[in-house]
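Beneath this line is the structure, given in structure tokens, with notes to follow.
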Amino acid sequence: MSEREIAVRMSGVCKSYQRGSQNVPVLEDINFEIASGEFLALMGPSGSGKSTLLNLLAGIDKADSGIITVGNCNITSLDDSELADWRAANVGFIFQFYNLIPVLTAFENIELPLLLTGLTRRERREHVLAALEVVSLTDRMDHRPSQLSGGQQQRVAIARAIITDPAILVADEPTGDLDRVSAGEIMDLMDHMVSDFGKTIIMVTHDPRAAEKAHVVRHLEKGILMES
Amino acid sequence: MFMLKLIFRNVFRHKLRSTLTVVGVAVAILAFGLLRTLVGLWYLGVESSSSTRLVTRNAISLVFSLPLSYKERIRQVPGVTGIGAMNWFGGVYISEKNFFPNFAIEAEPFFDLYPEFRLTDEEKKSFLRDRQGAIVGRKLAKKYGWKVGDRVVLKGTIFPGQWEFTVRGIYKGAQRSTDETQFFFSWDYLNETMRRTVPRRADQIGIYVVGVANPERAAEISENIDILFKNSLAETMTETEKAFQLSFVAMTEAIMVAIQIVSYVVIVIIMVVAANTMAMTARERISEYATMKSLGFKWLHIATVIAGESLFIALLGGAVGVGLTFPFSGIIERELSQFFPVFRVELLTTFMQIMAAVVVGTVAAIFPVWRGSTITIADGLRRIG
Ligand SMILES: Nc1ncnc2c1ncn2[C@@H]1O[C@H](COP(=O)(O)OP(=O)(O)O)[C@@H](O)[C@H]1O
Ligand SMILES: [Mg+2]
């Protein structure tokens with residue numbers, strides 16, 4: 001692994017939540033690395049802290065201690081606003097329930113992250129059309145999420161995740177709400193992202209079929225990362 | 001642009017909810033506008049009373065009259081330019097329902113004392129010639145279809161009998177705020193009739209209307225008048241017409257203050273309702289806001305989307321409310337002209353209505369904006385998954 005570039009590195013990361021007066025540890029001393037261009041599947045029982053771990057390295061939650069380096073940026077040192085800018089440029093998100101904005105069309109949902117860039121309307125349009133092509137939804141671009149199937153919605157979400165060309169994609173149970181066929185399509189797309197676009201993917205999943213596509217599978221048990 | 005599109009689509013997401021909120025705000029803004037107009041007109045009426053006129057009345061109470069002999073003595077007071085005896089007549093036209101103010105006033109000084117009543121020289125002359133002549137306001141004449149030369153009979157209440165008058169003039173107000181619903185007739189007609197029928201009630205004057213050249217000297221002149229009659233049988237109390245009207249309507253002023261308070265209460269109520277609706281809406285969309293944040297949008301973007309929606313709804317309701325205020329005030333002016341001679345919406349009222357809508361939209365947005373912009377992404381996303 002050492003000769004390849006490191007995409008994500010976590011060292012000594014701890015995270016706990018406050019539940020009432022109680023302090024509930026969720027992640028304890030997490031240390032791991034993901035090489036650039038790697039597809040990693042994170043598995044483990046429900047409540048083991050998978051989503052929390054994913055949120056930490058994607059910069060949408062904050063660690064109590066430890067250092068998280070993504071690319072060559074120590075994201076634990078960024079403040080909220082810097083973190084937002086960093087996310088916009090470096091991370092693409094794929095959620096279990098797609099999280100599309102219901103009042104926006106597929107096209108507009110994909111366009112959304114581009115609004116934070118300095119691109120012109122025309123440039124944005126070109127990018128969105130290209131992304132629609134990648135997820136084979138050009139003919140559905142004017143549909144609202146409610147007019148699309150779950151699999152199609154997730155493809156829109158993938159297009160939205162890659163629209164700013166981030167190095168890293170994080171996916172939290174991307175197939176968790178889909179039937180077998182749609183799930184298969186989504187996994188093929190994810191595979192395509194890694195092999196043809198050189199993305200690094202960290203994916204949380206319960207689905208062994210989905211995990212098969214990954215290069216590396218890691219298990220999280222009660223907040224502790226198992227050796228693979 | 002995109003944000004506007006998003007705000008606009010969010011507004012129409014729950015059509016029924018948004019429509020009801022818009023209607024609620026519209027009705028509140030309409031009520032606010034009408035109530036404020038009412039209050040404003042009332043104060044305007046008090047304000048538009050002449051500051052070059054004083055009113056001298058019996059110091060004990062309006063119920064007691066003043067002797068006729070005071071007239072010449074008051075006229076001698078330096079600064080006084082004219083004086084006329086006046087009595088509240090309280091006559092009824094056909095039935096009690098048809099209320100309008102009617103007074104007996106001395107004919108000769110009348111036109112000089114009330115320059116805001118616009119009459120032709122012809123009308124003035126024929127009024128002075130006819131003992132039983134009457135001068136009526138334009139609105140009043142219009143309401144009952146009176147024309148110059150028409151006979152009008154009032155039933156006396158304070159002064160018994162059927163009183164017959166001939167309309168000799170119809171006055172137009174010099175300003176929009178001039179009351180055009182009053183009825184005046186010659187005080188001599190009243191006094192002579194009393195002399196014949198109830199002699200002990202003759203030569204009794206309700207009030208003296210006193211003209212002064214310089215309003216700034218009103219206080220001093222008033223004092224000088226009252227000093228004249230100190231320790232006499234009928235001491236006087238002189239004040240500006242405005243002060244006189246105010247004391248007359250002290251009760252009404254309390255009601256006006258109450259109406260003013262109600263007008264604000266209406267706004268507070270709709271504010272609470274709108275705030276509740278917006279909070280409900282924002283709660284439903286919390287995961288969308290979290291998603292936008294995860295994509296790199298910042299709290300200001302989220303605040304814009306939420307506050308934009310709230311303001312859009314409030315301003316739409318406000319616009320409808322302001323728009324409705326004009327036809328409604330027109331209806332009030334037409335149907336209730338005896339109470340509101342002019343029911344005109346002031347520019348300031350319209351401005352306050354718009355401000356009220358802005359305040360409603362802003363206040364309704366405070367809690368949702370705070371929630372939407374402070375919730376952590378991890379928490380927000382958890383709401384659905
Ligand atoms: N915001 C939070 N407040 C309190 N407890 C939380 C919060 N987020 C997660 N947890 C707890 O942390 C643990 C791990 O959660 P999570 O990372 O979502 O698990 P997984 O994704 O593996 O199912 C769970 O016990 C969960 O209840
Ligand atoms: Mg999870």
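The values are calculated or read from the model by the stated rules, or taken from the named source; none is laboratory data. No experiment lies behind these values; they were computed from the predicted model shown. Neighbour counts run over all protein chains shown; Cβ positions are idealised from the backbone, glycine included. Note: areas computed on protein heavy atoms with side chains; ligands, DNA, RNA excluded. Shrake-Rupley method; radii C 1.70, N 1.55, O 1.52, S 1.80 Å.
Those residues that are within 16 Å of ligand 1 (Cβ to nearest atom) and surrounded by fewer than 18 Cβ atoms within 10 Å (Cβ to Cβ), I need them from the stretch A:177-207; list them, please.
A:177, A:206
Scanning for something closer than 29 Å to residue B:297 by Cβ, buried (at least 22 other Cβ atoms within 10 Å of the Cβ), among the aliphatic types (A, V, I, L, M) and within 15 Å of ligand 1 (Cβ to nearest atom), does the stretch A:159-168 turn up at least one residue?
There is no residue in the stretch A:159-168 that is closer than 29 Å to residue B:297 by Cβ, buried (at least 22 other Cβ atoms within 10 Å of the Cβ), among the aliphatic types (A, V, I, L, M) and within 15 Å of ligand 1 (Cβ to nearest atom).
Being assigned to a loop (DSSP other than H, G, I, E, B) and crowded, with 20+ Cβ neighbours inside 10 Å is the filter here; which residues of the stretch B:101-120 pass it?
B:106, B:114
Only residues in the stretch A:124-152 that are of a type in the set (D, E, K, R) count as the first member; pair them with residues that are assigned to a helix (DSSP H, G or I) and open to solvent by 80 Å² or more (accessible area, probe 1.4 Å), Cβ under 9 angstrom, at least 6 apart or cross-chain, and list the lot.
A:140/A:147
Of the residues B:153, B:136, B:92, only one is farther than 22 Å from residue B:197 by Cα and either in contact (Cβ under 8 Å) with a residue 12 or more places away in the chain or touching a His at 6+ places or on another chain (Cβ under 6 Å) (or both); which?
Values: B:153 fails: farther than 22 Å from residue B:197 by Cα; B:92 fails: farther than 22 Å from residue B:197 by Cα.
Result: B:136 is the single residue among B:153, B:136, B:92 that is farther than 22 Å from residue B:197 by Cα and either in contact (Cβ under 8 Å) with a residue 12 or more places away in the chain or touching a His at 6+ places or on another chain (Cβ under 6 Å) (or both).
If we keep just the residues of the stretch B:291-310 that are among the aliphatic types (A, V, I, L, M) and in a helix (DSSP H, G or I), which is nearest to the other protein chains (Cβ to nearest Cβ)?
By that ranking, first place goes to B:292.
Quick one: in the stretch A:81-104, of everything that is within 8 Å of chain B (Cβ to nearest Cβ) and charged (D, E, K, R), which residue is most open to solvent (accessible area, probe 1.4 Å)?
Only one residue fits best here, namely A:85.
Could you list, in sequence order, the residues of the stretch A:209-219 that are within 16 Å of ligand 1 (Cβ to nearest atom) and surrounded by fewer than 22 Cβ atoms within 10 Å (Cβ to Cβ)?
First pass over the stretch A:209-219, keeping only residues within 16 Å of ligand 1 (Cβ to nearest atom): A:210-211, A:217-219.
Listed by number, the residues that qualify are A:211, A:217, A:218, A:219.
Within the set of pairs 6 or more residues apart or between chains, which connect a residue that is within 14 Å of chain B (Cβ to nearest Cβ) inside the stretch A:10-26 to a residue that is away from ligand 2 (no atom under 16 Å from the Cβ) with Cβ atoms less than 8 Å apart?
A:15/A:25; A:15/A:63; A:15/A:64; A:16/A:23; A:16/A:25; A:16/A:64; A:17/A:23; A:26/A:16
Name the single residue that is nearest to ligand 2 (Cβ to nearest atom) among those in the stretch A:168-183 being out of contact with any strand residue (DSSP E or B) (no Cβ under 7 Å at 6 or more places or on another chain) and within 10 Å of chain B (Cβ to nearest Cβ).
A:176
Taking the stretch A:126-136 only, how many residues are assigned to a helix (DSSP H, G or I), in contact with a helix residue (DSSP H, G or I) (Cβ under 8 Å, 6 or more places away or on another chain) and loosely packed, with under 15 Cβ neighbours inside 10 Å?
Of the stretch A:126-136, the ones assigned to a helix (DSSP H, G or I) are A:126-134.
Okay, now just the ones that are also in contact with a helix residue (DSSP H, G or I) (Cβ under 8 Å, 6 or more places away or on another chain), so A:127-129, A:131-132, A:134.
Okay, now just the ones that are also loosely packed, with under 15 Cβ neighbours inside 10 Å, so A:129.
Summing the residues that are assigned to a helix (DSSP H, G or I), in contact with a helix residue (DSSP H, G or I) (Cβ under 8 Å, 6 or more places away or on another chain) and loosely packed, with under 15 Cβ neighbours inside 10 Å in the stretch A:126-136 gives 1.
For every residue, the table says whether it meets (1) open to solvent by 30 Å² or more (accessible area, probe 1.4 Å); (2) within 14 Å of another protein chain (Cβ to nearest Cβ); (3) within 22 Å of the chain's Cα centre (by Cα); (4) without any contact (Cβ under 8 Å) to a residue 24 or more places away in the chain.
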site: B:8; (1), (2), (3), (4): yes, yes, no, no
site: B:16; (1), (2), (3), (4): yes, no, no, yes
site: B:29; (1), (2), (3), (4): no, no, yes, no
site: B:32; (1), (2), (3), (4): no, no, yes, no
site: B:36; (1), (2), (3), (4): yes, no, yes, no
site: B:39; (1), (2), (3), (4): no, no, yes, no
site: B:80; (1), (2), (3), (4): no, no, no, no
site: B:83; (1), (2), (3), (4): no, no, no, no
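Does residue A:10 count as within 12 Å of ligand 1 (Cβ to nearest atom) and touching a helix residue (DSSP H, G or I) at 6+ places or on another chain (Cβ under 8 Å)? Break it down stepwise before answering.
Numbers: within 12 Å of ligand 1 (Cβ to nearest atom): no; touching a helix residue (DSSP H, G or I) at 6+ places or on another chain (Cβ under 8 Å): yes.
Answer is no for this residue.
Step by step: first the residues of the stretch A:137-161, then only those that are among the hydroxyl-bearing types (Ser, Thr, Tyr) and not in a loop (DSSP other than H, G, I, E, B), then the one that is nearest to the other protein chains (Cβ to nearest Cβ). Which residue is that?
So the residue we want is A:146.
Table: residues versus (1) open to solvent by less than 10 Å² (accessible area, probe 1.4 Å); (2) within 44 Å of the chain's Cα centre (by Cα).
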site: B:265; (1), (2): no, yes
site: B:269; (1), (2): no, yes
site: B:288; (1), (2): no, no
site: B:293; (1), (2): no, no
site: B:296; (1), (2): yes, no
site: B:311; (1), (2): no, yes
site: B:314; (1), (2): yes, yes
site: B:319; (1), (2): no, yes
site: B:322; (1), (2): no, yes
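Got a number for residues in the stretch A:44-62 being away from chain B (no Cβ under 11 Å), more than 9 Å from ligand 2 (Cβ to nearest atom) and open to solvent by 30 Å² or more (accessible area, probe 1.4 Å)?
1
Does the stretch B:314-328 include one or more residues that are more than 16 Å from ligand 1 (Cβ to nearest atom) and not in a helix (DSSP H, G or I)?
no
With (1) of a type in the set (A, V, I, L, M); (2) under 25 Å from residue A:145 (Cα atoms); (3) touching a Phe, Trp or Tyr at 6+ places or on another chain (Cβ under 7 Å); (4) touching a residue at least 12 places away in the same chain (Cβ under 8 Å) as the list, and residue A:75 as the residue in question, which single condition is left unmet?
The single condition residue A:75 does not satisfy is (2).
Table: residues versus (1) away from chain A (no Cβ under 14 Å); (2) surrounded by 18 or more Cβ atoms within 10 Å (Cβ to Cβ); (3) touching a strand residue (DSSP E or B) at 6+ places or on another chain (Cβ under 8 Å); (4) of a type in the set (A, V, I, L, M).
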{"position": "B:327", "(1), (2), (3), (4)": "yes, no, no, no"}
{"position": "B:331", "(1), (2), (3), (4)": "yes, no, no, yes"}
{"position": "B:351", "(1), (2), (3), (4)": "yes, no, no, no"}
{"position": "B:355", "(1), (2), (3), (4)": "yes, no, no, yes"}
{"position": "B:365", "(1), (2), (3), (4)": "yes, yes, no, yes"}
{"position": "B:374", "(1), (2), (3), (4)": "no, no, no, no"}
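Scan B:175, B:162 and give me the residue that is in contact with a Lys or Arg (Cβ under 8 Å, 6 or more places away or on another chain), assigned by TED's automatic domain parsing to the domain that holds residue B:64 and either acidic (Asp, Glu) or surrounded by fewer than 17 Cβ atoms within 10 Å (Cβ to Cβ) (or both).
B:162
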